[in-house]
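Presented below is the structure to which this report refers.
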Amino acid sequence: MPRLILLAGVLAGVLAAPAQAAEFPRQDLLLLSRNAAGAPANGPSRNAVISQDKRYGRLVAFEFAATNLTAGAGGGTNVYVVGRAAGYGENGTPWSFGRVVLASRGLDGRPADGPSGGASLGGTSRAPSRCVAFVSAASNLVRGDTNGKPDAFVHDLRTNRTVRVSVNSRGRQSPPARSPRSPSTGCAPASRSSPTPATSP
């Protein structure tokens with residue numbers, strides 16, 4: 001049976017302030033590993049991380065080895081980001097399922113040709129995270145990836161661009177990468193990035 005990513009009551013307690021608890025019904029579990037139509041994952045989900053923007057918790061990223069979350073996923077393990085739907089308040093409201101983004105999408109909308117994982121999200125209480133960092137063995141996320149080894153990438157959720165960051169100052173390829181950490185705000189420069197088509201909301 002596929003493992004599912006659930007946003008548990010522990011997070012709900014962080015996101016919902018006591019002063020407003022009476023205004024909203026208790027919501028202990030929220031299934032995140034599903035598509036926009038509400039269908040559950042047809043493969044395992046694991047290693048979820050939450051953005052570091054305190055009680056807002058605007059983003060959740062996780063690994064997903066299934067084909068029915070978004071179009072263009074292929075059959076391998078990918079990194080997805082689920083956004084919190086608009087309408088939440090500073091003092092806490094229930095977490096609602098929003099936009100789903102396939103971060104580890106190949107060039108020209110093709111499925112990634114290798115597995116991806118180790119996602120990391122940044123963000124602060126004043127600035128939401130706008131990028132997700134991860135490691136991928138795929139060679140088609142950006143152009144010029146020919147080292148045949150896992151690399152570290154940063155995907156900008158605003159511009160929908162992916163950058164390989166495990167290169168030296170001259171842009172040369174590096175040895176196999178470890179899981180990167182996403183910047184608190186902003187993303188890597190777009191000068192070495194390659195655009196990837198937007199995913200379905």
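The values are calculated or read from the model by the stated rules, or taken from the named source; none is laboratory data. Computed from a prediction, not measured in an experiment: that's the story for all the values here. Heads up, the Cβs are rebuilt from the backbone with ideal geometry, glycines too, and the neighbour counts pull from every protein chain shown.
Among the residues of the range 89-129, how many are part of a loop (DSSP other than H, G, I, E, B), closer than 16 Å to T70 by Cβ, in contact (Cβ under 8 Å) with a residue 40 or more places away in the chain and not basic (K, R)? Give the steps one after another, and end with the answer.
Start the filter on the range 89-129 by keeping residues that are part of a loop (DSSP other than H, G, I, E, B), which leaves 89-96, 103-106, 110-115, 122-129.
Imposing the further condition that a residue be closer than 16 Å to T70 by Cβ reduces the set to 103-106, 110-112.
Then keep just the ones that are in contact (Cβ under 8 Å) with a residue 40 or more places away in the chain; that gives 103-106.
Filter once more, so that each one left must be not basic (K, R): 103-104, 106.
Going through the range 89-129 one residue at a time, the tally reaches 3.
Among the listed residues Q52, Q27, which satisfies the condition of being at pLDDT 85 or above, assigned to a loop (DSSP other than H, G, I, E, B) and over 12 Å from the mean Cα position of the chain (by Cα)? Steps first, please.
On the way: Q27 fails: at pLDDT 85 or above.
Just one listed residue meets the conditions, Q52.
Can you name the condition, by its number, that P201 falls short on among (1) in a loop (DSSP other than H, G, I, E, B); (2) at pLDDT 90 or above?
(2)
Consider G75 against the criteria (1) touching a Phe, Trp or Tyr at 6+ places or on another chain (Cβ under 6 Å); (2) more than 16 Å from L157 (Cβ to Cβ); (3) modelled with pLDDT of 55 or more: it satisfies all of them except one. Which criterion is unmet?
The one condition G75 does not meet is (1).
I'd like the full set of residues that are surrounded by fewer than 22 Cβ atoms within 10 Å (Cβ to Cβ) and either within 17 Å of T77 (Cα to Cα) or at pLDDT below 90 (or both), limited to the range 131-143.
A137, S139, N140 - these are the residues of the range 131-143 that are surrounded by fewer than 22 Cβ atoms within 10 Å (Cβ to Cβ) and either within 17 Å of T77 (Cα to Cα) or at pLDDT below 90 (or both).
Return the pairs, sorted by first residue and then second, in which the second residue is polar (S, T, N, Q), the first residue lies in the range 159-172 and is over 19 Å from S139 (Cβ atoms), the beta carbons are less than 9 Å apart, and the residues are 6+ apart or on different chains.
Sorted first by the residue in the range 159-172, then by its partner, the pairs are T159/S193; N160/T196; N160/T199.
Within the group A86, A71, which residue is over 15 Å from the mean Cα position of the chain (by Cα), surrounded by fewer than 23 Cβ atoms within 10 Å (Cβ to Cβ), without any contact (Cβ under 8 Å) to a residue 24 or more places away in the chain and on the phi < 0 side of the Ramachandran plot? Before you say what the answer is, go through the steps one by one.
Values: A71 fails: without any contact (Cβ under 8 Å) to a residue 24 or more places away in the chain.
Matching residue, one of A86, A71: A86.
Identify, from the list V100, V60, the residue that is surrounded by 18 or more Cβ atoms within 10 Å (Cβ to Cβ) and at pLDDT 90 or above.
Working: V100 fails: at pLDDT 90 or above.
Of the residues listed, the single one that is surrounded by 18 or more Cβ atoms within 10 Å (Cβ to Cβ) and at pLDDT 90 or above is V60.
Can you go through G117, G92 and tell me which one is at pLDDT 90 or above, of a type outside the set (A, V, I, L, M, F, W, C) and either surrounded by fewer than 23 Cβ atoms within 10 Å (Cβ to Cβ) or on the phi > 0 side of the Ramachandran plot (or both)? Give the derivation first.
Details: G92 fails: at pLDDT 90 or above.
Result of the check over G117, G92: G117.
So which residues in the range 30-49 are more than 26 Å from A127 (Cβ to Cβ), in contact with a Leu (Cβ under 7 Å, 6 or more places away or on another chain) and in a loop (DSSP other than H, G, I, E, B), if there are any at all?
Step one: filter the range 30-49 for residues more than 26 Å from A127 (Cβ to Cβ), giving 31, 33-46.
Of the ones still in play, those that are also in contact with a Leu (Cβ under 7 Å, 6 or more places away or on another chain) are 31, 33, 35, 40-41, 45.
Residues satisfying the conditions are S33, N35, A41.
I'd like the residue in the range 137-158 that is part of a loop (DSSP other than H, G, I, E, B) and β-branched (V, I, T) and, out of all such residues, is nearest to R105 (Cα to Cα).
Among residues in the range 137-158 that are part of a loop (DSSP other than H, G, I, E, B) and β-branched (V, I, T), the one nearest to R105 (Cα to Cα) is V142.
Take the range 159-171 and flag every residue that is in contact with a strand residue (DSSP E or B) (Cβ under 8 Å, 6 or more places away or on another chain), of a type outside the set (S, T, Y) and part of a loop (DSSP other than H, G, I, E, B).
N160, V165
If A66 meets every condition in (1) crowded, with 19+ Cβ neighbours inside 10 Å; (2) at pLDDT below 85; (3) of a type outside the set (F, W, Y); (4) more than 23 Å from A39 (Cα to Cα) apart from one, which number is that one?
(4)
List, please: which pairs have Cβ atoms under 6 Å, are six or more places apart or on different chains, and start with a residue in the range 34-49 that is closer than 15 Å to E63 by Cβ and in contact (Cβ under 8 Å) with a residue 60 or more places away in the chain and end with one that is in a strand (DSSP E or B) and small (G, A, S)?
V49/A61; V49/A119
Any chance the range 168-178 includes a residue that's at pLDDT 85 or above and more than 17 Å from V82 (Cα to Cα)?
Step one: list which residues in the range 168-178 are at pLDDT 85 or above, which gives none.
Among the residues of the range 168-178, not one is at pLDDT 85 or above and more than 17 Å from V82 (Cα to Cα), which makes the answer no.
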